[in-house]
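Before any comments, here is the structure.
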Amino acid sequence: MPQPLSLADLSRLHPIAAREARRVCRIARMPTQEREDVQQEMLLDLLGRIAAFDPSRGSLEAFATVCFRHRGIRLAERFRRERAARDDRGLDDPLLGTGKEHLTLAEVLPESEGYAAWCGQQTDAVAAVERRLDLDRASAALDGRDHPICAALVEHTPHELGRRGPLPRSVLYRRIAEMRLRLLAAGIAAAA
Amino acid sequence: MDTRIPDTPTAQRPLSEAALCVWLGAAGPGDALVYHRGALARQLCPQLGCLPIEQRAALARLANRAWKLAEAGLADLVQRRRGFEDYEYILVARRRPRRIATAVLPLLLAEAA
């Protein structure tokens, strides 16, 4: 049965973990604020491996140092992979090879690959107009008593509207289900 | 959300309300869908107990939705007799009416603002 680590053991291992974490951050050129996270990762990894510690083969400090080194290598590799996948260029940075005009990254990126597109916004102007026309046509399919609900749902969630009143939440969700079916019948599918 | 265009329903996979509306939304004028086969009046009667409660409730919602779509002028409801108490209930899509009312969407957005 492996002996659990005592507070005294941990107090001896903390300086070793801190030293190894500094070493990993220096080798992998990680920012200073990552050091504490790396140290915690190493200690956590050690806790998972403590069952394999055999006191007859060496000291706890030596065992911990080996575990920290191995964990540090994997953390450094992971950080390098993540950094290679990131692009540190700013949008206003000039692009090489663009001649005298010095195009920036923002000028080269199409709208369909911009941040707005990532957030699900419509970047195609023609499709936006078509969607607007479809919604205008479909809004005629809604019941007149649902218009205030639609206007309120632009600003609030159904849960918030149910709390504020006057319609109870059950009625509200029933009306929303009815609106959804009417819009489906008018050819407007949900965006999400 | 079910956005697939449904095939003719079978006993194993009955049509849902949403699937019926999705079909109508994508249908052109004159397209027809058999949304149920059997005897609606008999199968919806709770006293006769032809179907379990959940299935009967789902069928009632489906039939009610088909009726509402017909009342809204979006479809026509017809039947074809196949045998004794065996009917095909068919929904035929109509041409969507031209919108003659003023646009509602700008009013909704203005009210929300």
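Okay, here's what the table says:
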{"quantity": "Answer residue from segment A:2-51, given it is under 23 Å from A:Arg78 (Cα atoms) and of a type in the set (Asp, Glu) and is farthest from the chain's Cα centre (by Cα) among those", "calculated": "A:Glu20"}
{"quantity": "Selection from segment A:146-163 of residues that are among the aliphatic types (A, V, I, L, M), more than 8 Å from chain B (Cβ to nearest Cβ) and within 26 Å of B:Gly25 (Cβ to Cβ)", "calculated": "A:Ile149, A:Leu153"}
{"quantity": "A:Ile188 among the aliphatic types (A, V, I, L, M), assigned to a helix (DSSP H, G or I), touching a helix residue (DSSP H, G or I) at 6+ places or on another chain (Cβ under 8 Å) and within 11 Å of chain B (Cβ to nearest Cβ)", "calculated": "no"}
{"quantity": "Residue list for segment A:112-131, restricted to those being assigned to a helix (DSSP H, G or I) and either of a type in the set (Val, Ile, Thr) or within 31 Å of the chain's Cα centre (by Cα) (or both)", "calculated": "A:Ser112, A:Glu113, A:Tyr115, A:Ala116, A:Ala117, A:Trp118, A:Ala125, A:Val126, A:Ala127, A:Ala128, A:Val129, A:Arg131"}
{"quantity": "Number of positions in segment A:132-145 that are surrounded by 11 or more Cβ atoms within 10 Å (Cβ to Cβ) and not in a loop (DSSP other than H, G, I, E, B)", "calculated": "8"}
{"quantity": "Only one of B:Arg80, B:Arg37 that is surrounded by 15 or more Cβ atoms within 10 Å (Cβ to Cβ), at pLDDT below 95 and basic (Lys, Arg)", "calculated": "B:Arg37"}
{"quantity": "Scan of segment A:171-190 for residues that are small (Gly, Ala, Ser) and at pLDDT 90 or above, ordered by number", "calculated": "A:Ala177"}
{"quantity": "A:Ala76 being within 30 Å of A:Tyr115 (Cα to Cα), of a type outside the set (Lys, Arg) and surrounded by 15 or more Cβ atoms within 10 Å (Cβ to Cβ)", "calculated": "yes"}
{"quantity": "From the options A:Leu60, A:Leu47, A:Leu43, residue that is on the phi < 0 side of the Ramachandran plot, surrounded by fewer than 17 Cβ atoms within 10 Å (Cβ to Cβ) and not β-branched (Val, Ile, Thr)", "calculated": "A:Leu47"}
{"quantity": "Selection from segment A:164-179 of residues that are over 26 Å from B:Arg61 (Cβ atoms) and either within 14 Å of chain B (Cβ to nearest Cβ) or out of contact with any His (no Cβ under 9 Å at 6 or more places or on another chain) (or both)", "calculated": "A:Gly165, A:Pro166"}
{"quantity": "Pair list, Cβ < 8 Å and 6+ apart or interchain, from segment A:45-64 residues that are closer than 12 Å to A:Arg12 by Cα to residues that are hydrophobic (A, V, I, L, M, F, W, C) and buried (at least 17 other Cβ atoms within 10 Å of the Cβ)", "calculated": "A:Leu60/A:Leu13; A:Leu60/A:Phe53; A:Glu61/A:Leu13; A:Glu61/A:Ile16; A:Ala64/A:Leu13; A:Ala64/A:Ile16; A:Ala64/A:Ala17; A:Ala64/A:Leu46"}
{"quantity": "Of the criteria (1) loosely packed, with under 10 Cβ neighbours inside 10 Å; (2) in contact (Cβ under 8 Å) with a residue 40 or more places away in the chain, which one A:Phe68 fails", "calculated": "(1)"}
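The values are calculated or read from the model by the stated rules, or taken from the named source; none is laboratory data. Here the structure is a predicted model, which is why all the values come from computation and not from measurement. Reconstructed Cβ throughout: ideal geometry from the backbone, glycine too, with neighbour counts over all protein chains shown.
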